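Here the structure is laid out as structure tokens; the discussion comes afterwards.
The values are calculated or read from the model by the stated rules, or taken from the named source; none is laboratory data. From a predicted model like this one, the values you see are computed outputs, not experimental measurements. Neighbour counts are summed over all protein chains in view; Cβ atoms, including those assigned to glycine, are modelled from backbone coordinates with ideal geometry.
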């Protein structure tokens, strides 16, 4: 068995070709997921663009777009000549709210179940609503200027 | 700056036009995919751009206005032809030597370092390397010329999935390291989405669609709804309609802000879906941005 050794970055990206989710968005989601679960914390360096390109064989512009998106969200910041670094964490913010959100989701799940949706139906509905949500948010964020000041000096992350 | 710019470009072999009235501009900084069925003119267009063929009509220039085939153009372009041509009886070292002497610019240390990274022995004859290694050797020879534009004709068609992945990784890291722009032809649609961010769709010798992948995807939607109402949808141009007894899928030129008729669902499209839809409807054409008064009639409904 061969074990691919990482390049020292805390996380490594993977791609799900069958998911239908655009590649850059998959990278964004994986960073957010890692932030939520504590694999990434502020100050950590995200995988270098070149390393991501070499391991996944994807367009470098796609990686840059994902990192840009994370900067716009205030989760990461580029340091010229060094790379992109984690700026904020998601787990801190989420902890107190998480219980509330989980409870309301459980309520919704019960409603969906009562309406006759099975597990796959619920997943399909949730996934499609979620995708629409991010799509809309992505489109509104690419259309308008970045509203939060989180992307200062974040150009040219590589 | 445009890496390849063509205007009214055409190439005729005997009485057959392999490429006709081709006008396009491929900008720098992208991986551009040239997509089309066999015989669409992909190889002809690439051969004209790299100076291996003379146009029968129109002009083509590269690297920001240098006439294709001129010494200034040749210096900045590297081309890997279909089926990865390397002389099978020469060793990798001989091929390095040969390529260095046939070109004005050749970075030998770069080539040797790359081959060492790839684990390709310099002494072995090219014909005894695996298909994937031959492809990587051909690519390394091309990259060692330190081009600004790398042109690849069907680079991965013959390779197995692992070799395909490794080959594209080598191409794309060169883009990161050296800022190389890439133009490649392919009919492996499924893999293009990861690799290409600019698309040129060729069909029957003509450019059918061109633009940044992101823009093209943002201006198309798949509408799913009742088949009985499919013909009544006229709000936006329909590129391709697929219809069963009850349900219909319409690939339409519409953005997220365009209204979705009641009872219909709108989904984003993948690059593969988009390219297939256009290839199935050779009459449909699109450029990114607002439709330019070309409100096409709903085309060929397939049952």
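Residues that are part of a loop (DSSP other than H, G, I, E, B) and touching a strand residue (DSSP E or B) at 6+ places or on another chain (Cβ under 7 Å) within segment B:2-28 comprise just one, B:28.
Residues of segment B:200-215 that are more than 12 Å from every other protein chain (Cβ to nearest Cβ) and touching a strand residue (DSSP E or B) at 6+ places or on another chain (Cβ under 7 Å): B:200, B:201, B:202, B:205, B:206, B:207, B:208, B:209, B:210, B:211.
Checked against the criterion of being at pLDDT below 95, in contact with a strand residue (DSSP E or B) (Cβ under 6 Å, 6 or more places away or on another chain), under 20 Å from residue B:179 (Cβ atoms) and within 14 Å of chain B (Cβ to nearest Cβ), the candidates A:83, A:78 yield just one match: A:83.
Within segment B:140-166, the set of residues being touching a strand residue (DSSP E or B) at 6+ places or on another chain (Cβ under 9 Å) and within 13 Å of another protein chain (Cβ to nearest Cβ) comprises B:155, B:156. Residues in segment A:61-74 that are touching a residue at least 24 places away in the same chain (Cβ under 8 Å) and either closer than 13 Å to residue A:27 by Cα or part of a helix (DSSP H, G or I) (or both): A:62, A:63, A:64, A:65, A:66, A:67, A:68, A:69, A:70, A:71, A:72.
Table: residues versus (1) within 20 Å of residue B:78 (Cα to Cα); (2) without any contact (Cβ under 8 Å) to a residue 40 or more places away in the chain.
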{"site": "B:92", "(1), (2)": "yes, no"}
{"site": "B:96", "(1), (2)": "yes, no"}
{"site": "B:103", "(1), (2)": "yes, no"}
{"site": "B:109", "(1), (2)": "yes, yes"}
{"site": "B:115", "(1), (2)": "yes, yes"}
{"site": "B:126", "(1), (2)": "yes, no"}
{"site": "B:129", "(1), (2)": "no, yes"}
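Looking only at segment B:175-182, decide whether some residue is more than 10 Å from chain A (Cβ to nearest Cβ), in contact with a strand residue (DSSP E or B) (Cβ under 7 Å, 6 or more places away or on another chain) and more than 11 Å from residue A:53 (Cα to Cα). There is at least one residue in segment B:175-182 that is more than 10 Å from chain A (Cβ to nearest Cβ), in contact with a strand residue (DSSP E or B) (Cβ under 7 Å, 6 or more places away or on another chain) and more than 11 Å from residue A:53 (Cα to Cα).
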